Amino acid sequence: MTRSVKKPYASAARPIPAGFLRHPAHLLALGFGTGCAPIAPGTAGTVLGVLVYLALQAVPALWYLVVTVVLFGVGVLLCHRAAEALGTHDHPAIVWDEVVGYLVAMTAAPDGWAWVLLGFVLFRAFDIFKPWPIRTIDARVSGGMGIMLDDAVAGLYAFLIMQVTGYLTH
């Protein structure tokens, strides 16, 4: 029997208010507007994640991890603030979590566009289908931490598959 946990905000179908992106926290939480895509806003946010990854690709591994952890922490605050302002837990337009989740997936990824694409596909699949414990986190952890954590775990799953695939193919 699955226990239902009520989210602290209302339905995710609320429209984005006019001028919402003028607030810097909202602009970031909505991925500079990529989250406003009429179809597949999470996928659009992940495309932004690809661009951020490409910008960070040459950064030493330790700094890459530091930046990813900092972006996660900032995301907890940004996503919480945007969700409260929208009156909805994890509104589809909030995509900062997709950006960071993709960065988690791409940690220590081999070079090449095939790996960028594989990371994209794996991350989106885990984010969409939400295998255990991702679905549980999504249902039971509220606020900015809940918004960020389920995507970070989806990124971790993608990371693990990427690492095994890299090991087996090299």
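The values are calculated or read from the model by the stated rules, or taken from the named source; none is laboratory data. Predicted model only: the values in this text are computed from it and were never measured. No Cβ is skipped: glycine too gets one built from the backbone with ideal geometry, and neighbour counts run over all protein chains shown.
Put simply, of Val76, Val141, Val121 the only residue that is aliphatic (A, V, I, L, M), at negative phi and in contact (Cβ under 8 Å) with a residue 60 or more places away in the chain is Val76.
Remark: pairs (first residue in region 145-159, assigned to a helix (DSSP H, G or I) and surrounded by fewer than 24 Cβ atoms within 10 Å (Cβ to Cβ); second residue modelled with pLDDT under 95 and not aromatic (Phe, Trp, Tyr); Cβ separation under 6 Å; 6+ apart in sequence or on different chains) = Leu149/Ile137; Leu149/Val141; Val153/Ile134.
Count of region 35-60 residues, restricted to those that are within 14 Å of the chain's Cα centre (by Cα) and in a loop (DSSP other than H, G, I, E, B), is 1.
Somewhere in region 126-143, is a residue surrounded by fewer than 20 Cβ atoms within 10 Å (Cβ to Cβ) and of a type in the set (Ser, Thr, Tyr)? Looking through region 126-143, at least one residue is surrounded by fewer than 20 Cβ atoms within 10 Å (Cβ to Cβ) and of a type in the set (Ser, Thr, Tyr). State whether one or more residues within region 90-108 are surrounded by 19 or more Cβ atoms within 10 Å (Cβ to Cβ), touching a strand residue (DSSP E or B) at 6+ places or on another chain (Cβ under 9 Å), within 18 Å of Gly35 (Cα to Cα) and modelled with pLDDT under 95. No, the conditions are met nowhere in region 90-108.
Can you say whether Val116 is over 27 Å from Gly143 (Cβ atoms), among the β-branched types (Val, Ile, Thr), at pLDDT 95 or above and in a helix (DSSP H, G or I), as far as the supplied structure shows? Here the answer is yes, as Val116 does meet what is asked. Taking region 79-118 as the range and being charged (D, E, K, R) and in contact (Cβ under 8 Å) with a residue 60 or more places away in the chain as the test, the residues that pass are Arg81, Glu84, Asp90, Glu98.
Only one of (1) under 23 Å from His80 (Cα atoms); (2) more than 16 Å from the chain's Cα centre (by Cα) is not met by Trp115, so which one is it? Looking at each condition in turn, Trp115 falls short on (1). Search region 12-38 for residues that are surrounded by 16 or more Cβ atoms within 10 Å (Cβ to Cβ) and pair each with any residue that is assigned to a helix (DSSP H, G or I) and of a type in the set (Lys, Arg) when their beta-carbon atoms are under 8 Å apart and the residues are at least 6 apart or on different chains. Between residues of region 12-38 that are surrounded by 16 or more Cβ atoms within 10 Å (Cβ to Cβ) and residues that are assigned to a helix (DSSP H, G or I) and of a type in the set (Lys, Arg), the close pairs are Ala25/Arg81; His26/Arg81; Ala29/Arg81.
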